[in-house]
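Colleague: Here it is, the structure, as structure tokens.
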Amino acid sequence: MKSPAIALAVVLVAGCAAPSGDADSDQIVLSDGYVLGGYNPVNGYAETGVSPIYDGLYRPVATTDTALPDLAPALASEPPQPAGPNTWRLPLRSGVTFSDGSALDSADVVATYQAVRDPAVASEIATSVAPILRVRADGPDAVTVELNTAADPRPYLLLGILPSEKVEAGPAADWAVNTAPVGTGPYRLESLRPDQAVMVAREDYWGEPAQIKRVVYTYTPDDNARAQAMVAGTADGTSLPPRLIDSVERDGIRTVGVESADWRGVALPAGDPFTADPQARLAMNIGVDREALVRDVLVGYGRVASTPVAAVYGDAYDPDAQYRYDLERARTLLDAAGWRAGADQIREKGGARATFELLYNAQDTLRRDISVAFAAAMKPLGIDIRPRGTSWDEIDTRFADAAVLLGGGSTPYSIDSQVHDTLHTRVPDSSPYSNPGNFTAPGLDELLERASASPSGTAKDELYRRVQAVYAAEPSHVFLVFLDHAYGYRDLGWQQSAPILEPHAHGVGWGPWWNLAAWKR
Amino acid sequence: MDAVRLLGIRAAVAIPLTVAISAAMFWVASLSPFDPLAAYLGSNYQFATESQRAAMRAAYETDMPWWRAWWQWMGGLAHGDLGWSSTQSQPVATVLTERMPFTLLLSGAALLTAAAVAVVAGCIAGMRSGGVIDRVCTGVAVVFAAVPPFVVSLALVLVVAVGLRWLPASGAVAPGADYTVAGVLRHAILPWVALTVSQIPWLLLTTRTAVVASTQSDAVRGARARGVHGWALLRGHVAPVSVLPTLALLGTRLPELIAGAAIVETVFGWPGMAAVLVESAAALDFPLLAALTVGAALAVLAGSALSDAAAVAIDPRVRIAA
């Protein structure tokens, strides 16, 4: 029955088969897997300061994805000036206008930061700016920021700034700026439809106007469909799962993997006698071949993770705190701890068996693959892990007795937010997914507190290296991999900007396109 | 006259029925085991703290009892306000006007073509039951009934869009362009073919079975004995008792159409309603979900009332007690 339909289609198409590549040359078309819209910085859009529409007080600047980006002044005109204990004064850039023509002043900054903390606004990112106690206007052209720590304030000042009159009192997801954003960035939204968003360069941008004049985002949720749009020539770039990325590689299309601080690891339950044993947790960390995981599950798009601190953190990274795969040593550790193989090869001790469930979010195929691979890797150790896909709300109720495949690294530009809640014993009012087993190692909490309260410098780096060493001796999790985000792009002859270290979030707002405004011919 | 009376009675019944359906929808949705916050936050759910979750529950009123949510919705409806969709961050009316035309165009065209192709092929196959054409049609229909719509969609994209480059792979117009009739139609062809192919099998098999049954009836055997054959036999004796009842079923097959459309729309990035319906159900986006389910219920009621009325008007033997 397919043939008459196809025949009909062919008849209809005959004559109108010109390819659609006749668009002007300063336009770029990006195929996005995420729903378009939701352009509210107060609700998490461009949380880390990377956006075509908005600017934060500071913004990440990078020449490589192998190190943390610098945080350079954007709407602030210079680096933070000390103005008292844990308090900083930030002069604002003058002559900056929003895309609706109004001028930027300190009231806009204050209103944006107040809204994020307002419970009635119910911002998704309220905790990302938790270290900020107060933002106050210091005249119209400066603000003062008070933190609860001596650490560098800039990682918490990346949020896009809204005009104060666009800040609303109701829930952030219902604000008008979700679909009609007003920012100070190099682009403004020209049109938004369910299937595409068009952004155009602003001639009145305070920085250098962008050379790419039009950016078209098309919404294509299906991974395969995005790969095919790329190959068919309707898209100039897209993000793809590593498994599909090689399928688009051909003449004129390049692929790239960009480093991220986006980790995947296993959080272990305290209510299970096996995972509650520190020696068992150490044995699992030593007995998993992370290199094989990167090679086989991530097809090379990733790197091994022993702790949430990646090598990109430079001097704060402890190369000696990394686990070396050693199956024999893992077996010896388990034997010594009293976990002996029972009749069915599963280890047991005092009636308890080395077996537990590993839950993952069923919609996430990568978490599924990693979970299954981890379970397979634990089998030779005599540990029986049963991976199972389910919904977040079920996982919520199972922290006590089931392991969870977690991801992290949503705000990586500060090592404090990358590490603290994940390794610290349960912090009041943190996410329930931060160290759900509530495990720790001797002195770890105190080290973490001192490290996150310290200003940047060699002393802080040293503290974080000790954090990793202490953690590695008595681990609470089994961290497995950092992901590389994979992108395909058409070479259109632009001098592209260098990639940047990416957070958990990705999509066509990242990859080669995170700083489209800087692309040059 | 009977037909008009039937329509009047059905319309009178439809109003309280629709109100009851909307209330039932709010009630059933409130029993959903999904946490709307989990659907709403997506992968950010794992980063939300307890106080953030509490603030969001309060702000989005997810704990409101279903009957209060329903009453609010009814109150808004009385003022012509369909409410605010939390999943789309837009008024429900805007969501509907932006997306509904695309779904109606795609689903309507696919249903019409599928019906036309399936009825013609089903009649031919049924009239020559056991012949070569019958076997081919049945075989192809059974195969395509077993192939999921996304496989058909991806195969079409691979061959027609990527291989032959005749048609665009996804979207409703060329990237960056405004909606134009020619542009939308060109982009509609592949999803239309995919959806049509997914709807043909059950229609074809149903038609064929009905035709086969009627060819074995005494009336048709009598007609054959009198020398009535071919087209005249089909038109005068077989079709009235087999094809019309099959077409009357069309209205009740809406769920299959919506399920097929949801997949096809996703694969082709078609900006229609179907994928939004699934999303609104998972995230308990009551206003949007209510507008869509009540709309679908009204469509089914109207469809079955019209087809019954048509049957009453055409066939004097039919008596339907409204």
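The values are calculated or read from the model by the stated rules, or taken from the named source; none is laboratory data. Since we're looking at a predicted model, the values are computed, not measured. Note that we place each Cβ from the backbone using ideal geometry, even for glycine, and neighbour counts take in every protein chain shown.
Colleague: Given the structure, is B:VAL160 at the interface with chain A (Cβ under 10 Å from one of its Cβ atoms), more than 22 Å from the chain's Cα centre (by Cα) and under 24 Å from B:ALA118 (Cβ atoms)?
Modeller: On the way: at the interface with chain A (Cβ under 10 Å from one of its Cβ atoms): yes; more than 22 Å from the chain's Cα centre (by Cα): yes; under 24 Å from B:ALA118 (Cβ atoms): yes.
For B:VAL160, the condition - at the interface with chain A (Cβ under 10 Å from one of its Cβ atoms), more than 22 Å from the chain's Cα centre (by Cα) and under 24 Å from B:ALA118 (Cβ atoms) - is met.
Results for (1) part of a strand (DSSP E or B); (2) of a type outside the set (Ser, Thr, Tyr); (3) modelled with pLDDT of 90 or more; (4) touching a helix residue (DSSP H, G or I) at 6+ places or on another chain (Cβ under 7 Å), shown as yes or no for each residue.
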{"position": "A:LEU358", "(1), (2), (3), (4)": "yes, yes, yes, yes"}
{"position": "A:ARG367", "(1), (2), (3), (4)": "no, yes, yes, no"}
{"position": "A:ALA373", "(1), (2), (3), (4)": "no, yes, yes, yes"}
{"position": "A:PRO387", "(1), (2), (3), (4)": "yes, yes, yes, yes"}
{"position": "A:GLU394", "(1), (2), (3), (4)": "no, yes, no, no"}
{"position": "A:THR411", "(1), (2), (3), (4)": "no, no, no, yes"}
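Colleague: Still on this structure: Sort out which residues of segment B:1-57 are within 10 Å of chain A (Cβ to nearest Cβ) and in contact (Cβ under 8 Å) with a residue 60 or more places away in the chain, and write them in order of number. Let's see the steps before the verdict.
Modeller: Just the residues of segment B:1-57 that are within 10 Å of chain A (Cβ to nearest Cβ), to begin with: B:33-57.
Those that are within 10 Å of chain A (Cβ to nearest Cβ) and in contact (Cβ under 8 Å) with a residue 60 or more places away in the chain: B:PHE34, B:PRO36, B:ALA39, B:TYR40.
Colleague: Within segment A:130-172, which residues are surrounded by 22 or more Cβ atoms within 10 Å (Cβ to Cβ) and among the hydroxyl-bearing types (Ser, Thr, Tyr)?
Modeller: If the condition is that a residue be surrounded by 22 or more Cβ atoms within 10 Å (Cβ to Cβ) and among the hydroxyl-bearing types (Ser, Thr, Tyr), then A:TYR156 is the only one that fits.
Colleague: A follow-up question, please. If we scan segment B:63-78, do we find a residue that is closer than 30 Å to B:ILE15 by Cβ, more than 8 Å from every other protein chain (Cβ to nearest Cβ), free of Cβ contacts under 8 Å to residues at least 24 places away in the same chain and part of a strand (DSSP E or B)?
Modeller: No, the conditions are met nowhere in segment B:63-78.
Colleague: Something else now. Going by the structure shown, is A:PRO155 more than 14 Å from every other protein chain (Cβ to nearest Cβ) and modelled with pLDDT of 95 or more?
Modeller: Numbers: more than 14 Å from every other protein chain (Cβ to nearest Cβ): yes; modelled with pLDDT of 95 or more: no.
Judged against the criteria, A:PRO155 is not a match.
Colleague: For A:GLY509, are the conditions met, namely being assigned to a loop (DSSP other than H, G, I, E, B) and modelled with pLDDT of 90 or more? Show your work before the answer.
Modeller: Working: assigned to a loop (DSSP other than H, G, I, E, B): yes; modelled with pLDDT of 90 or more: yes.
Yes.
Colleague: I've got another one for you. Please find, within segment B:163-188, the residue that is farthest from the other protein chains (Cβ to nearest Cβ) out of those that are outside any loop (DSSP other than H, G, I, E, B) and modelled with pLDDT of 80 or more.
Modeller: The initial filter retains those residues of segment B:163-188 that are outside any loop (DSSP other than H, G, I, E, B), namely B:163, B:181-188.
Retained after the next criterion (residues that are modelled with pLDDT of 80 or more): B:181-188.
On the way: B:VAL181: 12, B:ALA182: 7, B:GLY183: 9, B:VAL184: 10, B:LEU185: 8, B:ARG186: 6, B:HIS187: 9, B:ALA188: 10 Å.
Filtering segment B:163-188 for residues that are outside any loop (DSSP other than H, G, I, E, B) and modelled with pLDDT of 80 or more, the one farthest from the other protein chains (Cβ to nearest Cβ) comes out as B:VAL181.
Colleague: Conditions: (1) within 14 Å of chain B (Cβ to nearest Cβ); (2) crowded, with 18+ Cβ neighbours inside 10 Å; (3) assigned to a loop (DSSP other than H, G, I, E, B). A:ALA120 meets all but one. Number of the miss?
Modeller: (2)
Colleague: Now a separate question. So, in segment A:472-496, exactly how many residues are among the small types (Gly, Ala, Ser), in a loop (DSSP other than H, G, I, E, B) and under 23 Å from A:ALA227 (Cα atoms)? Spell out the reasoning first.
Modeller: Going through segment A:472-496, the residues among the small types (Gly, Ala, Ser) turn out to be A:472-473, A:476, A:486, A:488, A:493.
Adding the requirement that they be in a loop (DSSP other than H, G, I, E, B) leaves A:476, A:493.
With the extra rule that they be under 23 Å from A:ALA227 (Cα atoms), the set shrinks to A:493.
Residues that pass the stated criteria total 1.
Colleague: Just for segment B:4-58: of the residues that are hydroxyl-bearing (Ser, Thr, Tyr) and surrounded by 14 or more Cβ atoms within 10 Å (Cβ to Cβ), which one is nearest to B:GLU279 (Cα to Cα)? I'd like the intermediate steps shown before the answer.
Modeller: Of all residues in segment B:4-58, those hydroxyl-bearing (Ser, Thr, Tyr) come to B:18, B:22, B:30, B:32, B:40, B:43, B:45, B:49, B:51.
Still in the running and surrounded by 14 or more Cβ atoms within 10 Å (Cβ to Cβ): B:18, B:22, B:30, B:40, B:43, B:45, B:49, B:51.
Numbers: B:THR18: 23, B:SER22: 18, B:SER30: 15, B:TYR40: 9, B:SER43: 15, B:TYR45: 16, B:THR49: 24, B:SER51: 25 Å.
Of everything passing the filter in segment B:4-58, B:TYR40 is nearest to B:GLU279 (Cα to Cα).
Colleague: Next question, about the same structure. Just checking, does segment A:214-236 include any residue being under 26 Å from the mean Cα position of the chain (by Cα), in a loop (DSSP other than H, G, I, E, B) and of a type in the set (D, E, K, R)?
Modeller: Looking through segment A:214-236, at least one residue is under 26 Å from the mean Cα position of the chain (by Cα), in a loop (DSSP other than H, G, I, E, B) and of a type in the set (D, E, K, R).
Colleague: Considering every residue within segment A:406-420, establish whether at least one is within 10 Å of chain B (Cβ to nearest Cβ) and among the aliphatic types (A, V, I, L, M).
Modeller: Checked segment A:406-420: at least one residue is within 10 Å of chain B (Cβ to nearest Cβ) and among the aliphatic types (A, V, I, L, M).
Colleague: Might you let me know whether segment A:428-443 holds any residue that is within 22 Å of the chain's Cα centre (by Cα) and not in a loop (DSSP other than H, G, I, E, B)? Don't jump to the end; show me each part of the working.
Modeller: Of segment A:428-443, the ones within 22 Å of the chain's Cα centre (by Cα) are A:429-436.
Filter once more, keeping what is not in a loop (DSSP other than H, G, I, E, B): none.
No, because not a single residue in segment A:428-443 is within 22 Å of the chain's Cα centre (by Cα) and not in a loop (DSSP other than H, G, I, E, B).
Colleague: Give the residues of segment A:173-205 that are within 14 Å of another protein chain (Cβ to nearest Cβ) and assigned to a loop (DSSP other than H, G, I, E, B), sorted by residue number.
Modeller: The answer is A:TRP175, A:THR179, A:ALA180, A:PRO181, A:ARG193, A:PRO194, A:ASP195.
One line per residue, one yes/no per condition, for (1) at pLDDT 90 or above; (2) among the polar types (S, T, N, Q); (3) part of a loop (DSSP other than H, G, I, E, B); (4) closer than 21 Å to B:LEU249 by Cα:
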position: B:THR113; (1), (2), (3), (4): yes, yes, no, yes
position: B:VAL117; (1), (2), (3), (4): yes, no, no, yes
position: B:ILE124; (1), (2), (3), (4): no, no, no, yes
position: B:GLY130; (1), (2), (3), (4): no, no, yes, no
